[in-house]
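Every read-out reported here was derived from the displayed coordinates using simple, explicitly stated rules and does not represent laboratory data. Since the model is a prediction, treat every value here as computed from it, not as a measurement. Every residue, glycine as well, gets a Cβ built from its backbone with ideal geometry; the counts of neighbours run over all protein chains shown.
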Amino acid sequence: MSQLKIYNSLTRQKEVFTPITPGHVGMYVCGPTVSGESHLGHARPYITFDVVYRYLTHLGNKVRYVRNITDAGHFEEEGREAEDKISKKAVLEKLEPMELVQKYTNLFHWAMEKFNNIPPSIEPTATGHIVEQIGMIEQIIEAGYAYVSNGSVYFDVKKYAASHDYGKLSGRVIEDLLETTRELEGQEEKRDTADFALWKNAAPEHIMRWKSPWGIGFPGWHIECSAMATKYLGAQFDIHGGGMDLLFPHHESEIAQSTICNHVAPVRYWVHNNMITINGRKMGKSYNNVIKLTELFSGDHPLLAKAFHPMVIRFFILQTQYRSTLDFSNEALQAAEKGLKRLWDAWEKLKALEYVQEGTVDENLDKKVLQLVQELEEFMNDDFNTAKVLANLFELVPVINSMKDKLIAAGALKEETFSFLKKQLQLYIEDILGLQGVSEADNDRLQGVMQLLIDIRKEAKGKKDFATSDKIRNQLAQLGISLKDEKGGEMSWSVEG
RNA sequence: GGUCCUGUGGCCGAGUGGCUAGGCAGAGCUCUGCAAAAGCUCGUACAGCGGUUCGAAUCCGCUCGGGACCUCCA
């Protein structure tokens, strides 16, 4: 049995994964900022780390999966016009900030459920942990690595860098950071442009504001993750995940803050997913090329040829290794849609198949199937290579279909191979990859009606009354239900997306 | 400008020295009342140039292209 290896952004290589406490894994993933709707790009980390969570659990670990909700808002822009992002938007929409936060949190949860993502063990909110954040900032000040300036608190990067490696994670060179001159106003509060805010004083018009030892204000950009991760996972924990775009400054700063407070590197394995691109460009607000999840599911977007089921998105994302960029296009999504259907149909067929001892065992086939199935674990252990897992699953599809259609004798596989195949596919397709069928036919009445139509059509076909049998099939097709004749006179149907 | 990543067949995308990735689309065949599905077969791809090597998509160099981060960002 191979060992799980994870690519660690910190060391830039794959490392054997060893939890700090055997049998237990602490995992923190940067969650959404609920000042707006999630888009396709946001789907990637949550699906990626859902699979990581599922796989670690499958390996027998008790995993505490913490994913925050950023509801305190960050700055839209640094400097004079600095405004709390959430309060600013709330003014525009004439909503209470918390009403807005609730709305987008609900939408986020709804999307997560559609993706079949398992909810995290703890989903802490930034606003619910102001006390912890203030406490952490006080510790940093006491340690001498932060200073108060005009009601704000800044982390002293230069001082930290003198004794620590600031830039280790992101590959930044501290000298370059210190040299960078920016023409942003408000910088005069800082001793150095590379310093980052731990606490910001709030202008009177800010709606979201809290009391602190330094006056009325709100927490800085990076402190919430440090505070909540420390609280729920301890001073040092196993995995910290997030998008690659968070490497700097967010995660780099998290390391600095936590290291000062807890005197230990906070994270053992930093794991980062790559971006989803559209026309080769990162999907993001600043590029004006986002497709929101609600638009994706409804098809209501000029760039979309049609609506796409959340499972299709999940499958689309899992077809790529998480550290590669993934380019969006209608063509690619439609390919994913058909691929998922093919895989799922075969899986459903296998589920319904029972082992029969007939014919002789085809040793070569048996060996091939066994290998394909056994490799699934190997691929997952190789830095969660879901792309390779899916490739193997697809290689098994013709075998399953051939068994179903009796092109391969039911006994061509050894009984133990057959049951192993069934068991592992259940495990990998449903439990680990978390895939589901896209059919919306889970409706008893529809099932009954369809069975009736199938019976009538069978009778008609038996009498060579093709006019009737074609009428049933054609009219169902118009309703978006496809009826297929199978070998042996059986019929199957499915609702087309 | 600095740091880093990347360029695979019509599209998406695995793959870091020699063994068919896979999916979608396309072509042919089989099965079939027809259709669909399914099965079989096929395209023989690795930006360009040069180098290392018995052998490179895979290592090195250069050229060209794309991108990320350096600012909120999954």
Report, ordered by chain and residue number, the aspartates and glutamates lying within cross-link reach of A:Lys367, taken as a straight Cα distance under 14 Å and ignoring same-chain residues fewer than 8 apart.
A:Glu375, A:Glu395, A:Glu415, A:Glu416
Taking R0 as 51 Å and r as the Cβ-Cβ distance between A:Lys168 and A:Ile118, the FRET efficiency 1/(1 + (r/R0)^6), rounded to the nearest 0.05, comes to 0.95
Segment A:Lys484-A:Asp327, length gained on full extension (0.36 nm per residue, minus Cα span):
53.2 nm
With no solvent term and unit scatterers on the alpha-carbon positions of the range A:5-273, Debye gives log₁₀ I(q)/I(0) at q = 0.11 Å⁻¹ of -0.62
Order by neighbour count: A:Thr386, A:Thr33, fewest other Cβ atoms within 10 Å first, most last.
A:Thr33, A:Thr386
In nm, the gap between the two label points placed 7 Å beyond Cα toward Cβ at A:Asn443 and A:Glu96 is 3.8 nm
Give the peptides A:346-358, A:155-167, A:212-224 in descending order of average Cβ contacts within 10 Å, highest first.
A:212-224, A:155-167, A:346-358
Please quote Rg/Rh for the range A:226-335 to two decimal places, taking the Kirkwood radius as Rh and restricting both calculations to Cα atoms.
1.10
Which of the aspartates and glutamates could be linked to A:Lys406 by a straight reach, that is with a Cα gap under 12 Å, when you skip same-chain ones fewer than 8 residues away?
A:Glu358, A:Glu486
Can you tell me how much longer the chain between A:Thr193 and A:Glu179 gets when fully stretched, taken as 0.36 nm per residue apart minus their C-alpha distance, in nm with one decimal?
4.2 nm
Where does each of A:Leu427, A:Leu246 land when they are ranked from fewest to most other beta-carbon atoms within 10 angstrom?
A:Leu427, A:Leu246
Please report, to one decimal in angstroms, the Kirkwood hydrodynamic radius of chain A built from all distinct Cα-Cα pairs.
25.5 Å
Any chance you could count the Lys pairs in the range A:108-224 whose alpha carbons are under 22 Å apart, treating pairs 8 or more apart or on different chains as valid?
9
Could you compute the net charge surrounding A:Lys231? Neighbours are other residues with a C-beta less than 12 Å from the C-beta of A:Lys231; K and R count +1, D and E count -1.
-1
Let me have the 222 nm mean residue ellipticity of chain A computed from DSSP H runs of 4+ only, each contributing -39500 (n - 2.57), with the sum over all residues rounded to the nearest 500.
-13500 deg cm²/dmol
Zone residues, the range A:281-325, relative to A:Lys103, backbone N less than 17 Å from point 7 Å out along Cα-to-Cβ
A:292-295
Exposure-ranked with fewest Cβ neighbours within 10 Å first, A:Arg67, A:Arg323 stand as A:Arg323, A:Arg67
For a distance above 27 Å, tell me the whole-number percent of Cα pairs in the range A:278-432 that qualify.
35 percent
